[in-house]
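This report concerns only the one structure given below.
The values are calculated or read from the model by the stated rules, or taken from the named source; none is laboratory data. Bear in mind the structure is a predicted one, so any value in this text is a computation, not a measurement. Cβ: placed from backbone, ideal geometry, glycine included. Neighbour counts: every protein chain shown.
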Amino acid sequence: MPKTLRERLDHLEALAKVFEDYEPRTEDERDVAPRNALMRAVERRAAAERDIADGVAAMRAANYPWWSIGEVLGTTGQAAQQRYGKR
C-alpha cells in the first residue's frame, strides 16, 4: 500500500485509468431477465404471505378455530397456530 501522498495519488490515478480503459467482454455480460423474473416471483410470494396472514387474522377475528384455519392452509391447526398465532 502506498504511504506518501504522492504514492497515494499515483495509485489513485492508476486505478482511475484501469476503470476508464475497461472494455466489457461479451462473456462478462449476463442476461438480467432470470434475475428480474426471480425478483418478481419473490415480490408475489411476499404479497401472498401478507394476504394469508391477513386472512388468518380475519378468520381468528371471526372466531374460527385453529383446526379450521389449518384445514384451509393445508396443514394442522397446531402448525397454523405456531406460524400465525403471534403477529
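Quick one: what pairs do we get from the stretch 1-23, first residue at pLDDT below 90, second assigned to a helix (DSSP H, G or I), C-beta under 6 Å, 6+ apart or different chains?
2/8; 2/11
Could you list, ordered by first residue, the pairs with Cβ atoms under 7 Å in which the first is in the stretch 62-75 and modelled with pLDDT of 95 or more and the second is surrounded by 13 or more Cβ atoms within 10 Å (Cβ to Cβ) and aliphatic (A, V, I, L, M), at least 6 apart or interchain?
66/80; 69/56; 69/59; 69/80; 70/79; 70/80; 73/80
Listed here are the residues, each with its yes/no results for (1) part of a helix (DSSP H, G or I); (2) within 20 Å of the chain's Cα centre (by Cα).
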site	(1), (2)
11	yes, no
30	no, yes
39	yes, yes
56	yes, no
60	yes, no
63	no, no
75	no, no
81	yes, no
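Look at residue 43 and say whether it is of a type in the set (Asp, Glu) and part of a helix (DSSP H, G or I).
For residue 43, the condition - of a type in the set (Asp, Glu) and part of a helix (DSSP H, G or I) - is met.
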